[in-house]
1. Quick one: how many residues across region 48-84 are surrounded by 14 or more Cβ atoms within 10 Å (Cβ to Cβ) and more than 19 Å from Glu33 (Cα to Cα)?
2. Determine whether Ala52 is at pLDDT 95 or above and either outside any helix (DSSP H, G or I) or in contact with a Gly (Cβ under 6 Å, 6 or more places away or on another chain) (or both).
3. Of all residues in region 48-64, how many are of a type in the set (D, E, K, R) and free of Cβ contacts under 8 Å to residues at least 24 places away in the same chain?
4. Counting only residues that are among the charged types (D, E, K, R) and either under 11 Å from Ala27 (Cβ atoms) or not in a helix (DSSP H, G or I) (or both), which one in region 61-83 is farthest from the chain's Cα centre (by Cα)?
5. For region 26-47, indicate whether the set of residues that are of a type in the set (Gly, Ala, Ser), without any contact (Cβ under 8 Å) to a residue 24 or more places away in the chain, surrounded by 11 or more Cβ atoms within 10 Å (Cβ to Cβ) and not in a loop (DSSP other than H, G, I, E, B) is non-empty.
6. Against the definition (part of a helix (DSSP H, G or I), surrounded by 20 or more Cβ atoms within 10 Å (Cβ to Cβ) and without any contact (Cβ under 8 Å) to a residue 24 or more places away in the chain), how does Leu87 come out, yes or no?
7. Could you please give the count of residues in region 85-120 that are over 14 Å from the mean Cα position of the chain (by Cα), over 13 Å from Val34 (Cβ atoms) and hydrophobic (A, V, I, L, M, F, W, C)?
8. Would you confirm whether or not region 57-80 contains a residue that is modelled with pLDDT under 95 and of a type in the set (A, V, I, L, M)?
Amino acid sequence: MKYLLAGAIATLSLGLLLGENNAGEKAKYTIPEVMAKAHKKGLMKTVASGKASDDEKEQLVALYVALNANEPPQGDVKDWKKRTGALVEAAKKAAKGDEAAAKSLPKLANCGECHKLHKG
């Protein structure tokens with residue numbers, strides 16, 4: 001019985017992992033679309049300030065997930081995935097009400113450093 005339970009848990013875990021993997025899927029938004037919506041229009045700052053609605057928080061998560069799914073125009077892909085992955089995680093935590101994660105978003109975005117390394 002315990003082997004059956006362990007097998008079910010392992011199968012469920014694998015399903016969750018594969019569900020989060022966007023490999024091979026086209027990103028919902030391009031990098032310029034993410035930059036325009038999340039940064040230029042101020043969505044990330046709204047979330048960071050704690051004044052965002054739940055819909056705005058979820059929109060930021062979707063934008064950062066798409067950013068992470070895109071390939072950088074230049075630079076190291078591993079660095080890109082690390083930087084954008086940190087944004088995804090912070091945005092997800094912020095969407096769940098984590099104020100510290102929300103406040104960390106501007107520092108994690110670090111536009112100048114990321115553009116220097118990855119903008120084509």
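The values are calculated or read from the model by the stated rules, or taken from the named source; none is laboratory data. Just so it is clear, the model here is predicted, and its values are computed rather than measured. Because the Cβ atoms are built from the backbone with ideal geometry, glycine has one as well, and the counts that use them run over all protein chains shown.
1. 3
2. Numbers: at pLDDT 95 or above: yes; either outside any helix (DSSP H, G or I) or in contact with a Gly (Cβ under 6 Å, 6 or more places away or on another chain) (or both): yes.
In short, yes.
3. Narrowing region 48-64 to residues of a type in the set (D, E, K, R): 51, 54-58.
Those still in the list that are free of Cβ contacts under 8 Å to residues at least 24 places away in the same chain too: 51, 55-56.
Within region 48-64, residues that are of a type in the set (D, E, K, R) and free of Cβ contacts under 8 Å to residues at least 24 places away in the same chain number 3.
4. First, the residues of region 61-83 that are among the charged types (D, E, K, R): 71, 76, 78-79, 81-83.
Imposing the further condition that a residue be either under 11 Å from Ala27 (Cβ atoms) or not in a helix (DSSP H, G or I) (or both) reduces the set to 71, 76.
On the way: Glu71: 14, Asp76: 18 Å.
Per the criteria, the residue is Asp76.
5. Going through region 26-47, the residues of a type in the set (Gly, Ala, Ser) turn out to be 27, 36, 38, 42.
Those left that are additionally without any contact (Cβ under 8 Å) to a residue 24 or more places away in the chain: 36, 42.
Keeping just the survivors that are surrounded by 11 or more Cβ atoms within 10 Å (Cβ to Cβ) gives 36, 42.
After this cut, where a residue has to be not in a loop (DSSP other than H, G, I, E, B) as well, the list is 36.
For region 26-47, residues of a type in the set (Gly, Ala, Ser), without any contact (Cβ under 8 Å) to a residue 24 or more places away in the chain, surrounded by 11 or more Cβ atoms within 10 Å (Cβ to Cβ) and not in a loop (DSSP other than H, G, I, E, B): present.
6. On the way: part of a helix (DSSP H, G or I): yes; surrounded by 20 or more Cβ atoms within 10 Å (Cβ to Cβ): yes; without any contact (Cβ under 8 Å) to a residue 24 or more places away in the chain: yes.
In short, yes.
7. Final tally of qualifying residues: 2.
8. no
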